[in-house]
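Novice: One structure, pasted below without further comment.
The values are calculated or read from the model by the stated rules, or taken from the named source; none is laboratory data. Just so we're clear, the structure is a prediction, and the values are computed from it rather than from any experiment. Here the Cβ positions follow ideal geometry from the backbone for every residue, glycine too, while neighbour counts run over all protein chains shown. Each accessible area value is taken on the protein alone, full model and side chains, heavy atoms only, with ligands, DNA and RNA left out. Shrake-Rupley method; radii C 1.70, N 1.55, O 1.52, S 1.80 Å.
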Amino acid sequence: MPLSDYTETLERLQQALGRAFADQPWMLNMPGRSMACKIDQYYYLAVMPAFVEQLARLGGTFPDKVSEVLIRTGNLITRLPDRDPVLPLTVSWGGSPVTLRAAFVDADFIDRAVKTYGGMGMIPTVSDLKISSADKVRVEEFFEGKTPPQKLAYF
């Protein structure tokens, strides 16, 4: 797939996400209900595979194409050599910790969608969702060579 196709698909996904957020704001940043929550200024933690499946439905494409486009454009963080974005993590938002299949999404992708196409005057703030400190070493290994989530992303 040529780079122009990735750019065009990425734009379509952002438009669809922003418009859906305007109608259903609980899609983002509400731990326990949302497909992705902002954990620091750089990243959203997305529930997988729900995030990719929902984005595919909104954008009128297939989940494998959404994953490919987000990975190839650097919006879905992966680790070499396998490029698998999914990492099992324990998270909490004030209650009992829950383990889920998660992925890290570049905050700029979602923030731009919400601000540009969702009609929000500002980008979303950091949510109450936190990653267990016990998973910090695995997260930092996953982010080897990249900027890892900040300290505020952990409980």
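Novice: Every residue in the stretch 90-119 that is of a type in the set (A, V, I, L, M), surrounded by fewer than 17 Cβ atoms within 10 Å (Cβ to Cβ) and either touching a residue at least 12 places away in the same chain (Cβ under 8 Å) or at positive phi (or both), please.
Specialist: Within the stretch 90-119, the first condition is being of a type in the set (A, V, I, L, M), and the residues that meet it are 91, 98, 100, 102-103, 105, 107, 110, 113-114.
Next, only the ones that are surrounded by fewer than 17 Cβ atoms within 10 Å (Cβ to Cβ) stay: 98, 100.
Within the stretch 90-119, Leu100 is the sole residue that qualifies.
Novice: Same structure again: If I ask for residues that are within 17 Å of Ile77 (Cα to Cα) and β-branched (Val, Ile, Thr), which ones from the stretch 99-146 would you list?
Specialist: If the condition is that a residue be within 17 Å of Ile77 (Cα to Cα) and β-branched (Val, Ile, Thr), then Val105, Ile110, Ile131, Val137, Val139 are the ones that fit.
Novice: Testing Lys38 on (1) free of Cβ contacts under 8 Å to residues at least 60 places away in the same chain; (2) under 17 Å from Asp106 (Cα atoms), one condition comes back false. Which one is that?
Specialist: For Lys38, the exception is condition (1).
Novice: Another question, if that's okay. Please go through the stretch 120-130 and give me each residue that is loosely packed, with under 14 Cβ neighbours inside 10 Å and free of Cβ contacts under 8 Å to residues at least 24 places away in the same chain, ordered by number.
Specialist: Gly121, Met122
Novice: Moving on to the next point. Just one of (1) out of contact with any Lys or Arg (no Cβ under 7 Å at 6 or more places or on another chain); (2) modelled with pLDDT under 95; (3) of a type in the set (Ser, Thr, Tyr) trips up Tyr6, so point out which.
Specialist: (1)
Novice: A further question on this structure: Taking the stretch 19-32 only, how many residues are more than 14 Å from the chain's Cα centre (by Cα) and surrounded by fewer than 18 Cβ atoms within 10 Å (Cβ to Cβ)?
Specialist: Within the stretch 19-32, residues that are more than 14 Å from the chain's Cα centre (by Cα) and surrounded by fewer than 18 Cβ atoms within 10 Å (Cβ to Cβ) number 7.
Novice: Name the residue that is nearest to the chain's Cα centre (by Cα), counting only residues in the stretch 71-89 that are open to solvent by less than 60 Å² (accessible area, probe 1.4 Å), under 16 Å from Glu11 (Cα atoms) and touching a residue at least 60 places away in the same chain (Cβ under 8 Å). Walk me through it before giving the result.
Specialist: First, the residues of the stretch 71-89 that are open to solvent by less than 60 Å² (accessible area, probe 1.4 Å): 71, 73-78, 85-87, 89.
Next, from what is left, pick out any that are under 16 Å from Glu11 (Cα atoms): 71, 73-76.
Of the ones still in play, those that are also touching a residue at least 60 places away in the same chain (Cβ under 8 Å) are 73, 75.
Values: Thr73: 13, Asn75: 8 Å.
The selected residue is Asn75.
Novice: For the stretch 39-58, how many residues are open to solvent by less than 10 Å² (accessible area, probe 1.4 Å) and either within 16 Å of Arg101 (Cβ to Cβ) or not acidic (Asp, Glu) (or both)? Give the steps one after another, and end with the answer.
Specialist: Of the residues in the stretch 39-58, the ones open to solvent by less than 10 Å² (accessible area, probe 1.4 Å) are 39-40, 44-46, 51-52, 55-56.
Right, trim to either within 16 Å of Arg101 (Cβ to Cβ) or not acidic (Asp, Glu) (or both) and you get 39, 44-46, 51-52, 55-56.
Final tally of qualifying residues: 8.
Novice: Output the residue which, of all residues in the stretch 1-18 that are more than 16 Å from the chain's Cα centre (by Cα) and aliphatic (A, V, I, L, M), is most open to solvent (accessible area, probe 1.4 Å).
Specialist: Across the stretch 1-18, the extreme among qualifying residues is Leu3.
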